[in-house]
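Read-outs: derived from the displayed coordinates by stated rules, not from any lab. This is a predicted model, so every value here is computed, not measured. Cβ placement follows ideal geometry from the backbone for every residue including glycine, while neighbour counts extend to all protein chains displayed.
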Amino acid sequence: MAEFANAGAGGLVADLAKVIVDNKAYLSEIDGKIGDGDHGVNMAKGFGRSAERLTGEESLSDAFSLLSDVLMSEIGGSMGPLYGMMFSGMAEAIEDEDMIDADVFGAMLQNGLDEVMDIGSAKLGDKTLLDAYIPAVAAYKAALADGGTMPAALDALCSAAQAGRDSTIDMVAKVGRSARLGDRSRGVLDAGATSCSLILCSLADGVKQRLQG
């Protein structure tokens, strides 16, 4: 059975932080077309500060908790609380787990999603990060239900997140600042869905490299 140890896996968070920091300008460029243009700056600040505080020896659950704390207390905008709660939910789901297998990882993803949906009013199709996150979790679970391996399910997760991101181009924003633009918000990727796809794909790639068995 494919699995990886919770202990010492905090490096996965450092890796995804690097992905966000590396894409700071791109995320802000997207956001600037229909939003405030600060998504990349705020995200890079939060993820970058978190990476600086990681020692490399943390468990994945502890690293998620650290990231959550920084995002909720040190960056502005709406995405700090949303992503903060997402990573808090992920941390909570695995804090008592020594090994993380396909089912535990799926529960972790679902708990993070539940936390995001609990504090926001958005739903699928509203042009938000949920348009990447919801189909990604569904694809991961479907791959496992069809008898797929954990690596195959992780590939499905990333592919669905990217497809969900791309689907936001044709959507009209229903929540947030961009919603005030109405039909003028169509034709642009959603910055939240874009950062979410980066996060989920980074996690998927990192986990695949750590799997044992």
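Would you give the gap between the C-alpha center of segment 103-180 and the C-alpha center of segment 37-85, rounded to a whole Å?
Measuring centre to centre over Cα atoms gives 20 Å.
Tilt of helix 79-94 relative to the longest C-alpha principal axis of the chain, in degrees (0 to 90, nearest 10)?
20 degrees
Express in nm, to one decimal, how much length is gained between ASP96 and GLN209 on full extension, taking 0.36 nm for each residue of separation and deducting their alpha carbon distance.
The ASP96-GLN209 span can extend by a further 38.5 nm.
Evaluate the relative contact order of the chain (contact order divided by residue number), counting alpha-carbon pairs under 8 angstrom at least 6 apart; express in whole percent.
24 percent
Which residue, SER65, SER121, SER167, tops the fluctuation ranking in a GNM of the chain built on C-alpha contacts under 10 Å?
Checking each option, the largest mean-square fluctuation is seen for SER121.
Straight-line reach from LYS24: which aspartates and glutamates have Cα under 16 Å away, leaving out those fewer than 8 places along the same chain?
Cross-link targets: ASP15, ASP36, ASP38, ASP190.
Roughly how many nanometres apart are two label points built 7 Å out from the Cα toward the Cβ at ALA138 and GLU57?
So the label points at ALA138 and GLU57 sit 4.4 nm apart.
Name the shape class, rounded, prolate or oblate, that the alpha-carbon gyration tensor gives for segment 70-140, where a ≥ b ≥ c are the square roots of its eigenvalues, rounded holds for a/c under 1.5, and otherwise prolate holds if a/b is larger than b/c and oblate otherwise.
In terms of gyration-tensor shape, oblate.
Taking R0 as 22 Å, what FRET efficiency do you get between ARG49 and ASP114 from their Cβ-Cβ distance, rounded to the nearest 0.05?
On the way: r = 26 Å, r/R0 = 1.18.
Result of the calculation: an efficiency of 0.25.
Between ALA145 and GLU74, what is the label-to-label distance in nm when each label sits 7 Å out along the Cα-to-Cβ direction?
For the pair ALA145/GLU74, the computed spacing is 4.0 nm.
Working from the alpha-carbon coordinates of segment 117-165, get Rg over Rh, Rh being the Kirkwood radius.
1.05
Per DSSP helix of 4 or more residues, -39500 (n - 2.57); summed, then divided by the residues of the chain. What does that give at 222 nm, rounded to the nearest 500? Walk me through the numbers on the way to the answer.
Details: 9 runs with 141 residues, N = 213.
Counting only the DSSP helices, I get -22000 deg cm²/dmol.
When a/c reaches 1.5 or more, the comparison of a/b and b/c decides; with that in mind, is segment 3-210 rounded, prolate or oblate per its Cα gyration tensor?
Oblate is the answer for segment 3-210, as a/c is 1.5 or above yet b/c matches or exceeds a/b.
Do any cysteines of the chain lack a neighbour Cys whose Cβ is under 4.7 Å away, and which are they?
CYS196
Using only Cα atoms, tell me the angle between helix 130-145 and the longest principal axis of the chain; keep it within 0 to 90° and round to the nearest 10.
Approximately 30 degrees, to the nearest 10.
Can you tell me the 0 to 90 degree angle between the C-alpha axis of helix 150-167 and the longest principal axis of the chain, rounded to 10?
With both axes taken from Cα atoms, the answer is about 0 degrees.
Count the net charge of all other residues whose Cβ sits under 14 Å from the Cβ of LEU54, scoring Lys and Arg as +1 and Asp and Glu as -1.
Around LEU54, the charge tally is -3.
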